[in-house]
Amino acid sequence: MTSFRLAMIQLAVTASKADNLKNAFLKIKEAANAGAQIVALPECFNSPYGVDYFPEYAEPVPNGETSRRLSEWSRENKVYLVGGSIPESGENGKLYNTCTIWSPNGDLLGSHRKVHLFDIDIPGKISFQESKVLSSGQHLTTFDTEFCRIGVGICYDLRFAEMAQLYREKGCQLLIYPGAFNMTTGPAHWKLLQQARAIDNQLYVASVSPARVEQAPYVAWGHSLAVNPWGKIITEAEETETIVYADIDLKYLQEIREQIPLTKQRRRDMYEIKEPIITAAAPSVVI
Ligand SMILES: NC(=O)CC(=O)C(=O)O
């Protein structure tokens, strides 16, 4: 099968876990009825996004309530479900920001703990320190479908080109990032980063944000979108709650890779810094 439909659910997340789960359930059904074979939820879809909330909302994976529901919903709707992310209570009291991935039979295919924690400080704009309460994941995550291999990252992971490049080398044709950029970094970088990852690696990239809720403690940018291997945006949400769909065409991806054969042309022998670096001398001036 060379094409399939991906749904990105831009959920309006509230402080009520029960309401968030109910809303996600309804939206997943709607997406499946619209023909989606893979459905993805946003980062932190069952809890507000913030270090003060993670301990209270955290659940074990895969034995917590949210994991059980995600398993049921993927089975009932016969879809692959990329379960956004939730705060996970892990071993030794550690907390993680974790995405679980479910098969159309309801089986757990993988679980990705955010590898790069969101620790930034932009004076007067935004300061956020996930590492105050979260631990970072220690592995990258891919899963296989009958369509293609898919790589998963969470939000800040999108900024690290090396991770996407490894996924490409592992054979991924689509990368999915549940993510919640904000009102400072969203307008500046959200779209560009996805286009960069897509063009560098000649694959599809999709990122799923929560909807923007102005009164939330962390205001998400929204604008869930998908980019094709040419770097073109093929679908993009506004900021409000919605579902956007992307038809992923693997034949087109193959054409791009043949037309511009980057993998064959890569000069791995040139990408290591070997001392000393020879700097060309400035031309001497003859008076
Ligand atoms: N929230 C994140 O993890 C990342 C983000 O907002 C950004 O990189 O900007």
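The values are calculated or read from the model by the stated rules, or taken from the named source; none is laboratory data. Treat the numbers as computed from the prediction; the structure is a model and nothing was measured. Don't worry about glycine lacking a Cβ; one is built from the backbone with ideal geometry, like all the others, and counts go over all protein chains shown. We work out accessible area using only protein heavy atoms, side chains counted, and drop any ligands, DNA or RNA first. Shrake-Rupley method; radii C 1.70, N 1.55, O 1.52, S 1.80 Å.
Between Thr242 and Phe160, the simple spin-label model (points 7 angstrom out along Cα→Cβ) gives 3.2 nm. Between Asp144 and Lys29, full extension at 0.36 nm per residue minus the direct alpha carbon distance yields a gain of 39.2 nm. The tail of the calculated P(r) for the chain beyond 25 Å holds 45 percent of all Cα-Cα pairs.
Accessible surface of the chain, 1.4 Å probe: 52 percent of it comes from carbon and sulfur atoms.
Please report the orientation-averaged projected area of segment 180-232, defined via the convex hull of its C-alpha atoms, in nm².
Result: 3.3 nm².
What translational diffusion coefficient, in µm²/s and rounded to a whole number, does the Stokes-Einstein relation yield for segment 1-106 at 37 °C and a viscosity of 0.692 mPa s, taking the hydrodynamic radius as the Kirkwood radius over Cα pairs? For the chosen part, D equals 238 µm²/s. The largest-to-smallest principal axis extents of the Cα set in segment 64-223 are 47, 37, 30 Å.
Most fluctuating residue of Asp200, Asp121, Asp52 in a GNM of the chain with Cα springs under 10 Å: which is it? Most flexible of the set in this elastic network: Asp121.
Direction-averaged projected area, Cα convex hull, segment 164-275: 9.0 nm², rounded to one decimal.
Each other residue within a Cβ distance under 9 Å of Pro87 adds +1 if Lys or Arg and -1 if Asp or Glu, for a net charge of -3.
May I ask for the distance between the Cα centers of segment 207-240 and segment 21-84, given as a whole number of Å? What the calculation gives is 17 Å, centre to centre. Taking Gly90, Gly222, Gly153 as the candidate residues, the one with maximal mean-square fluctuation in a Gaussian network model of the chain, Cα springs under 10 Å, is Gly90.
What's the local net charge at Leu262, with K and R +1, D and E -1, over the other residues with C-beta under 14 Å away? After counting each charged neighbour, the total is +3. Within segment 94-176, the ratio Rg/Rh, alpha carbon atoms throughout and Rh by Kirkwood, equals 1.04.
Which of the pairs Lys27/Lys78; Lys22/Lys132; Lys170/Lys264 have their Cα atoms more than 18 Å apart in this structure? The pairs that break the limit, which is 18 Å between Cα atoms, are Lys22/Lys132. In this structure the amide hydrogen of Val13, modeled in the peptide plane, comes within under 5 Å of the amide hydrogens of Ala211, none closer than 5 places in sequence on its chain. Calculated accessible area for segment 3-268 comes out at 41 Å² per residue, all protein chains present (probe 1.4 Å; ligands, DNA, RNA ignored). If R0 is 41 Å, the Cβ-Cβ spacing of Ile233 and Glu72 corresponds to a FRET efficiency of close to 0.80. Working note: 222 nm ellipticity from helices only, DSSP H runs with n ≥ 4, each -39,500 (n - 2.57), summed and divided by the residues of the chain, gives -7000 deg cm²/dmol to the nearest 500.
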